[in-house]
There are 2 protein chains.
Amino acid sequence: MIFRTLAIVGVGLIGGSIALATRARGAAQRIIGIGPSGFHLEKARQQGMIDEWHSELEPGVHNADAVVVCTPVDEVIGQVRAIHCFARPNALITDVGSTKAVIVNGLARLLPAGVCFVGGHPLAGSEKSGPQFADANLFENRLVVVTPHGHFSPDAPRSVAAFWQALGARVKEMTPEDHDKAVAITSHLPHLVAAALAAMLPLELRELTATGFRDTTRVAGGDPDLWTAIFQQNEAGLAASLEHFQKTLGCCFTGWGMRLDTDFVQALLKDAKRNRDALGS
Amino acid sequence: MIFRTLAIVGVGLIGGSIALATRARGAAQRIIGIGPSGFHLEKARQQGMIDEWHSELEPGVHNADAVVVCTPVDEVIGQVRAIHCFARPNALITDVGSTKAVIVNGLARLLPAGVCFVGGHPLAGSEKSGPQFADANLFENRLVVVTPHGHFSPDAPRSVAAFWQALGARVKEMTPEDHDKAVAITSHLPHLVAAALAAMLPLELRELTATGFRDTTRVAGGDPDLWTAIFQQNEAGLAASLEHFQKTLGCCFTGWGMRLDTDFVQALLKDAKRNRDALGS
């Protein structure tokens, strides 16, 4: 057992999966869900996903040993500040946001030194959203990036790492800036590219798509507002990786852009296959 | 039963799946495999995928009612010309190439009028290759595009359509040119984009990829030479769809390319989600 009482702010796909995994692995004695929809939270309680729920932060977090914020990234700073006001002084606070620099550096400016906060990002998820898609094994063998910052308690990263490991995940420490540069390449750019491909599909060509198109664009089924907020918070990282990507594509054709540069494209496809094969299915 | 004797030139993933599906659905009495590797073809024969095999075209096709060419696209024209020489005068010849205009128009210039040829393209496949990945159900409920041309026998499209329908597929007729424009958007551009994403992944970021990156880049595991040949044969279609795609991405950032155009990106993500949701999983 890692925590006596764990509070989860935002019981969607990720928050719900944290609740189920915590329950399945006995990582907390009591799980509290906090969110705006009493209907969904009461259903989650009846299904045993959480033990109690609150629509307000204060009663939800004031007895918690640890609070995990699973809201959209643009709400994390506000939630963490409010949790810091309402929770016990030594309560551990973390988040699961897909961006880290804006959140962690913003909170370092806004919270007193030594607060027990550390940013986190489980590299797991789905294009689906909502607690009905929650999965107790979502974090099994997946990587969680934890982003320590000197302004906060040095104990927080260790406690959060122990919690994620209890849920079956591997943990890696990175600076918020390195994290954001990395996920720009591994997640944010692929999402934008998939969306651009999906958006340019004319209605009459839908029947001409096969598994390749479906795989390549699957993430484009994700929530547009969540992803707009992610892109905004990692604007610089996304811009840099997009520039590199556009340059690569620009080299595929020569002359007035109408002749394929066969040698370049063949080399690109070989590099791509080597990298992709190394990832496995 | 559609054919007495079906010859398949190139018994890889697609050729092997045609053999298995033909066998499973009784669409031909006898199946002949033709290809360079006696080792693989003998194995396929022993497993019952084919009834006999030949390394040379002439003995392989001279008794066939129908011949399906399943070679890389840049070999199709040469194979079909040779088959026309060696096969019975009224034997049906078709192919499964991912491009159609270069192949069909090229053959229309090279073959006598009235030959029983029609181009075809089953929109099914995999990033894997080889007969060991063949699947008797690969074409079930999948679309096969058939591309008639006035130079050839008007009976060929109907016979080929009946064959594919017997294997469980749906059939759609298109001109070779319309086919190539369409698959540039639904298949060739997504493949190039997936490859560019996979190629730019630094070694040290491999551990930071999750299911999203894997889905988006899955097709990049395909054979580089096969796909270089496909891109060459659909150079104009690919160039046009790539230009549209790059313009779309170019609109995502404003100013000197560093500020996200939030309204544009949010609208793009919404269009993308609507289109992607319509395709199903």
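The values are calculated or read from the model by the stated rules, or taken from the named source; none is laboratory data. Here the structure is a predicted model, which is why all the values come from computation and not from measurement. Here Cβ is always computed from backbone atoms with ideal geometry, including for glycine, and neighbour counts include all displayed protein chains. Just so you know, the surface numbers come from the protein's heavy atoms only, side chains and all, with ligands and any DNA or RNA stripped out. Shrake-Rupley method; radii C 1.70, N 1.55, O 1.52, S 1.80 Å.
Below, the figures for the structure above:
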| item | result |
| --- | --- |
| D_trans [Stokes-Einstein, Kirkwood Rh over alpha-carbon pairs] for chain B, 25 °C, 0.890 mPa s, µm² s⁻¹ | 121 |
| Distance in nm between pseudo-label sites at A:ASP225 and B:ARG4 (7 Å out along the Cβ direction from Cα) | 6.8 |
| Value of Rg to Rh for segment B:1-143 (Rh from inverse mean 1/r over Cα pairs, i.e. Kirkwood) | 0.93 |
| Solvent exposure of chain A as accessible area per residue, Å², 1.4 Å probe | 40 |
| Carbon + sulfur, % of accessible area of chain A - ligands and nucleic acids excluded, 1.4 Å | 52 |
| Teacher prompt: A:GLN46 distances to equivalent labels in other copies, 7 Å Cα→Cβ, nm | 6.1 |
| Charge dipole magnitude, Cβ of K and R +1, D and E -1 - the protein assembly as shown, Cα centre, debye nearest 20 | 780 |
| Ellipticity estimate at 222 nm from DSSP helix runs (n ≥ 4, -39,500 (n - 2.57)) divided over the protein assembly as shown, nearest 500 | -14000 deg cm²/dmol |
| Those residues of segment B:94-129 whose amide nitrogen sits under 19 Å from the label point placed on B:ARG158, 7 Å along Cα→Cβ | B:94, B:114-120 |
| Residue of A:PHE253, A:PHE139, A:PHE213 that the Gaussian network model of chain A assigns the largest fluctuation, springs spanning Cα pairs under 10 Å | A:PHE253 |
| Highest-first arrangement of B:35-46, A:115-126, A:219-230, where packing means the average Cβ count within 10 Å | A:115-126, A:219-230, B:35-46 |
| Scattering curve values for segment A:180-281, log₁₀ I(q)/I(0), Debye with Cα scatterers, q = 0.16 Å⁻¹ | -0.92 |
| DSSP beta bridges in chain A [antiparallel fraction, %, rounded to 5] | 20 |
| Size of the B/A contact, given as accessible area buried on both chains, probe 1.4 Å, in Å² | 7700 |
| Rough spin-label spacing in nm, given labels placed 7 Å along Cα→Cβ, for A:TRP256 and B:HIS151 | 2.7 |
| Efficiency of FRET from Cβ geometry, A:ASN90 and B:PHE133, R₀ 60 Å, rounded to 0.05 | 0.60 |
| Entries of B:LYS181/B:LYS270; A:LYS128/A:LYS172; B:LYS100/B:LYS181; B:LYS100/B:LYS172 with Cα pairs more than 18 Å apart | B:LYS181/B:LYS270; A:LYS128/A:LYS172 |
| Cα→Cβ-extended label distance, 7 Å offset, between A:ASP178 and B:ALA236, nm | 5.1 |
| Cut-off under 5 Å, modelled amide H: who pairs with A:VAL11 long-range | A:ILE34 |
| Scaled radius of gyration (Cα, divided by 2.2 N^0.38 Å) that the protein assembly as shown gives | 1.13 |
| Sequence-separation-based contact order of chain B, relative, with Cα cut under 8 Å and 6+ spacing, percent | 16 |
| Candidates B:GLY78, B:GLY255, B:GLY15, ranked by Gaussian network fluctuation over chain B, Cα under 10 Å, top entry | B:GLY255 |
